[in-house]
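The values are calculated or read from the model by the stated rules, or taken from the named source; none is laboratory data. Just so you know, these numbers come straight off a predicted model, no measurement behind them. Using ideal geometry, Cβ is built from the backbone for each residue, glycine included, and neighbour counts are taken over all protein chains shown.
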Amino acid sequence: MANTILVTYASRTGSTIGVAEAIGKVLAESGAQVDVRPMQDVKDLTPYRAVVAGSAIQDGQWLPEAMQFVRTHQTTLAQKPFAAFLVCMTLAMKNENYRRAVVDWLNPVRALVKPVSEGFFAGRLDLSKVPSFRKRIMFRISIATGVWDAGDHRDWDAIRAWARDLAVQLAPQSS
């Protein structure tokens, strides 16, 4: 089996790309060979001994292409170490009740493949990158009412710590 770990992602505004790259960097620093690639560019998982897949969250769900990736590769993912992460602005909200609900947003992934580890990370809110006018207005109202703040809420220390733990979990097992 190949010795490379795939870190793959689906993103809308680039926040998840940065998280995936940081995870890949930490895994590489631990001695692993790592490919960091967008999900739409991944057709074959054969070259990889482990897969880390992450998605931005939209309306409380992994992006459609991320769920399609897991469905398409479900059988193969079930045979390899598989970790999942999500990136969402809800984790930057002040209301704890909203933040608690985020854990359930991985349930559709868990129903297909059981991750060996799960990461939950706040994202970045850059209104200039929100493609939908309606969503930009909603975010502006949420910012004005104090639901959350614009800006980068990614906790790089937490992301790197999760990736370091993941490196141990994904290390090749000696026979």
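In the stretch 45-135, counting only helices (runs of 4 or more DSSP H) that sit wholly within it, the ones holding 1 or more residues that are buried (at least 18 other Cβ atoms within 10 Å of the Cβ) span 64-72, 74-77, 107-112.
Considering the stretch 6-33 alone, what residues qualify as being touching a Ser or Thr at 6+ places or on another chain (Cβ under 7 Å) and crowded, with 22+ Cβ neighbours inside 10 Å? Please lay out each step first, then the result.
We begin by selecting, within the stretch 6-33, every residue touching a Ser or Thr at 6+ places or on another chain (Cβ under 7 Å); these are 9-10, 16-17, 33.
Within the stretch 6-33, Y9, A10, T16 meet the criteria.
Would a scan of the stretch 65-78 turn up a residue that is within 18 Å of W156 (Cβ to Cβ) and either of a type outside the set (A, V, I, L, M, F, W, C) or in contact (Cβ under 8 Å) with a residue 12 or more places away in the chain (or both)? The answer is no; no qualifying residue exists. Evaluating V19 against the criteria (1) of a type outside the set (S, T, N, Q); (2) in contact (Cβ under 8 Å) with a residue 40 or more places away in the chain; (3) more than 26 Å from N107 (Cβ to Cβ) leaves one unmet condition, (3).
Within the stretch 41-61, residues that are under 25 Å from S132 (Cβ atoms) sit with their Cβ atoms under 6 Å from residues that are surrounded by fewer than 22 Cβ atoms within 10 Å (Cβ to Cβ) and small (G, A, S), at 6+ positions apart or across chains, in these pairs: A56/S11. Taking the stretch 140-154 as the range and being at pLDDT 70 or above and either within 16 Å of S11 (Cβ to Cβ) or assigned to a helix (DSSP H, G or I) (or both) as the test, the residues that pass are I141, S142, A144, D152, H153, R154.
A count restricted to the stretch 86-104 and to residues that are within 19 Å of P64 (Cα to Cα) and touching a Leu at 6+ places or on another chain (Cβ under 9 Å) stands at 3.
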